[in-house]
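Working notes, beginning with the structure itself.
The values are calculated or read from the model by the stated rules, or taken from the named source; none is laboratory data. The model shown is predicted, which means the values in this text are computed figures rather than measured ones. When we count neighbours, we look across all protein chains shown, and the Cβ atoms used for this are built from the backbone with ideal geometry, even at glycine.
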Amino acid sequence: MITKIIVDAVGLVLIVLIAWYFWFSRKKGEAAAVSGGVQEAYIIVKGGYTPDVIIVKAGKPVRLIFERREASPCSERVVFKDFNVSRLLPEGEKVAVEITPERPGEYEFACQMGMFRGRLVAEAG
């Protein structure tokens, strides 16, 4: 009886920790580098986006360079719904996506199936 309670308690704690890690923790993100007046970040596409949170300054142009390193059909396109932008990501090629977040906020990007997800965080500049 006591063993069952301990096993149940440990299981419940693990479930809570897993849920927190995947759904409730917020990643800090990686700041975009500035090159020639454009904020730029390099994103590897392999099992997801790395990094998956990019921090930029609002009102300034952003260039996100995606390099797809896998053949999964899910990763063949990246979609920025807030900017009405969608780009094909051929395997092994670098593809630049240029956008300008005019206002501070969080802008999601994802594969066409919505399984790979990332965020562009535009901070007041």
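Brief remarks follow.
- Being in contact (Cβ under 8 Å) with a residue 24 or more places away in the chain, surrounded by 17 or more Cβ atoms within 10 Å (Cβ to Cβ) and basic (K, R) is a property that R68 has.
- None of V56, V45 is under 24 Å from G125 (Cα atoms) and of a type in the set (V, I, T) except V56.
- Hits in the stretch 15-50 - residues which are modelled with pLDDT under 75 and not in a helix (DSSP H, G or I): S25, R26, K27, K28
- Single unsatisfied condition, G48 versus (1) at negative phi; (2) touching a residue at least 12 places away in the same chain (Cβ under 8 Å); (3) not hydrophobic (A, V, I, L, M, F, W, C): (1)
- Options R87, R119: the member that is in a strand (DSSP E or B), more than 16 Å from I55 (Cβ to Cβ) and among the basic types (K, R): R87
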